[in-house]
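Heads up: the structure comes next, in structure tokens.
The values are calculated or read from the model by the stated rules, or taken from the named source; none is laboratory data. Keep in mind that this is a model prediction, so the values were computed, not measured. FYI the Cβ positions are ideal-geometry reconstructions off the backbone, even for glycines, and counts take in every protein chain you see.
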Number of protein chains: 2
Amino acid sequence: MEQLDETDKKLLRLLQEDAKLTTKELAAQLGLTLSPIYERIKRLEGLGFIKQYVAVLDKNLLGQPITAFCQVSMRYHDKAFIDKFEEEIKKLEEVQECYHMAGQVDFLLKIHVSSLDGYHNFVKYKLSEIENIGVLNSTFVLKEIKHNLGYVIH
Amino acid sequence: MEQLDETDKKLLRLLQEDAKLTTKELAAQLGLTLSPIYERIKRLEGLGFIKQYVAVLDKNLLGQPITAFCQVSMRYHDKAFIDKFEEEIKKLEEVQECYHMAGQVDFLLKIHVSSLDGYHNFVKYKLSEIENIGVLNSTFVLKEIKHNLGYVIH
DNA sequence: ACTGAAAGTTAAGATGT
DNA sequence: ACATCTTAACTTTCAGT
């Protein structure tokens, strides 16, 4: 982390807001010329601070307005079962995110579907097909209050 | 949604994987020349399918390895209290995401901090400072199993 | 809607301080 | 670590099919 000076941090803050900013625009905002900006970006990419550049799409326009969080607890906690569950989850396209959690609940899943009926089908024909699931608890997002895409860089 | 043909969908799938693909590369992959690709991208931006372009950073390298999910229930459910809570949450930099949920739990928060001590400070000096919080339940991410950045486009 | 080509910008690299 | 300069590549626009 302390391979980053203030200029690097400003650069990262700008790029995680708008990856289309040109080297020229970045240079102007940071009070430098093109080449140091160019070299810093390449360095930040090389060190892995910048992992990739992506286009952020609108999930509602893409026809997936329903977001659900699904808490899953395993019946048995043998490594083989856990591994199998993780394998299967990775294959399910409805699962946007999956975390192994501390506490009573083993896994937290973030699910995107087109409708409540779609969620029903997901649980019935995909999720519950995975063996060794004990408890399963779903809650739905009514409203997205906040969703930061970037991180706070200190 | 059905303003999109197969070419648009392929374009969106490619751009949400790698926003740095050039028009030339996209054209080659989609079997077209530069100008239709260029115009389609501008159209998809204009219609709002593409919301923005961002650099994806590494939260561990940025010194924020701890992710927690925090379930919050309100004591009273007057509109004024809810509005106030949402306002305050938006100001907290540790809160990456916040959703108003259906069910017993009112809000689900995704929190990023640098340490467990940082989480303690967040709860003690920031979150619990907000009035009208009834129940508060935190769980920590042990391992990220899956985290799709893009959506599945049908 | 797509092709092809022209003009304007930017990225990428080399050289020097 | 940064400034300047060069050219190769890309973006953007437009006439034509």
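Can you work out which of the residues in the range A:55-67 that are of a type outside the set (Gly, Ala, Ser) and without any contact (Cβ under 8 Å) to a residue 24 or more places away in the chain is nearest to A:Thr139 (Cα to Cα)?
So the residue we want is A:Asn60.
Determine whether B:Ala27 is within 16 Å of DNA strand D (Cβ to nearest atom) and more than 28 Å from A:Glu144 (Cα to Cα). Break it down into steps so the answer makes sense when it comes.
Numbers: within 16 Å of DNA strand D (Cβ to nearest atom): yes; more than 28 Å from A:Glu144 (Cα to Cα): yes.
The answer is yes for B:Ala27.
Please verify whether the range B:136-146 includes one or more residues that are acidic (Asp, Glu), touching a residue at least 40 places away in the same chain (Cβ under 8 Å), assigned to a strand (DSSP E or B) and facing chain A (nearest Cβ under 9 Å).
Taking the range B:136-146 as the starting set, the residues that turn out to be acidic (Asp, Glu) are B:144.
Filter again for touching a residue at least 40 places away in the same chain (Cβ under 8 Å), leaving B:144.
Narrowing further to those that are assigned to a strand (DSSP E or B): B:144.
Remaining after also requiring facing chain A (nearest Cβ under 9 Å): B:144.
Checked against the condition, which is being acidic (Asp, Glu), touching a residue at least 40 places away in the same chain (Cβ under 8 Å), assigned to a strand (DSSP E or B) and facing chain A (nearest Cβ under 9 Å), the range B:136-146 yields at least one hit.
Filter the range B:44-80 down to the residues that are surrounded by fewer than 14 Cβ atoms within 10 Å (Cβ to Cβ) and either hydrophobic (A, V, I, L, M, F, W, C) or under 20 Å from B:Asp106 (Cα atoms) (or both) and list them by number.
Scanning the range B:44-80 gives B:Leu47, B:Arg75, B:Tyr76, B:His77, B:Asp78, B:Lys79, B:Ala80.
Just need a number here: residues in the range B:1-22 that are over 21 Å from the mean Cα position of the chain (by Cα) and facing another protein chain (nearest Cβ under 7 Å).
1
When you look at A:Glu131, is it on the phi < 0 side of the Ramachandran plot, modelled with pLDDT under 95 and more than 8 Å from chain B (Cβ to nearest Cβ), yes or no?
Yes, satisfied.
Residues that are surrounded by 14 or more Cβ atoms within 10 Å (Cβ to Cβ), touching a helix residue (DSSP H, G or I) at 6+ places or on another chain (Cβ under 6 Å) and either modelled with pLDDT under 95 or aliphatic (A, V, I, L, M) (or both): does the range B:108-115 have at least one? Please lay out each step first, then the result.
Residues of the range B:108-115 that are surrounded by 14 or more Cβ atoms within 10 Å (Cβ to Cβ), as a first pass: B:108-114.
Narrowing further to those that are touching a helix residue (DSSP H, G or I) at 6+ places or on another chain (Cβ under 6 Å): B:113.
Going one step further and asking which of them are either modelled with pLDDT under 95 or aliphatic (A, V, I, L, M) (or both), we end up with B:113.
Yes, the conditions are met somewhere in the range B:108-115.
Can you run down the residue pairs with Cβ atoms below 8 Å, 6 or more apart or on separate chains, where the first is in the range B:2-25 and touching a residue at least 40 places away in the same chain (Cβ under 8 Å) and the partner is more than 13 Å from DNA strand C (Cβ to nearest atom) and part of a helix (DSSP H, G or I)?
Here the result reads B:Leu4/B:Leu12, each pair linking the range B:2-25 to a residue that is more than 13 Å from DNA strand C (Cβ to nearest atom) and part of a helix (DSSP H, G or I).
Can you list the helices (runs of 4 or more DSSP H) found entirely within the range A:1-77 that contain at least 1 residues being at pLDDT 95 or above, within 12 Å of DNA strand C (Cβ to nearest atom) and among the aromatic types (Phe, Trp, Tyr)?
Of the helices (runs of 4 or more DSSP H) lying wholly inside the range A:1-77, those with at least 1 residues that are at pLDDT 95 or above, within 12 Å of DNA strand C (Cβ to nearest atom) and among the aromatic types (Phe, Trp, Tyr) span A:34-47.
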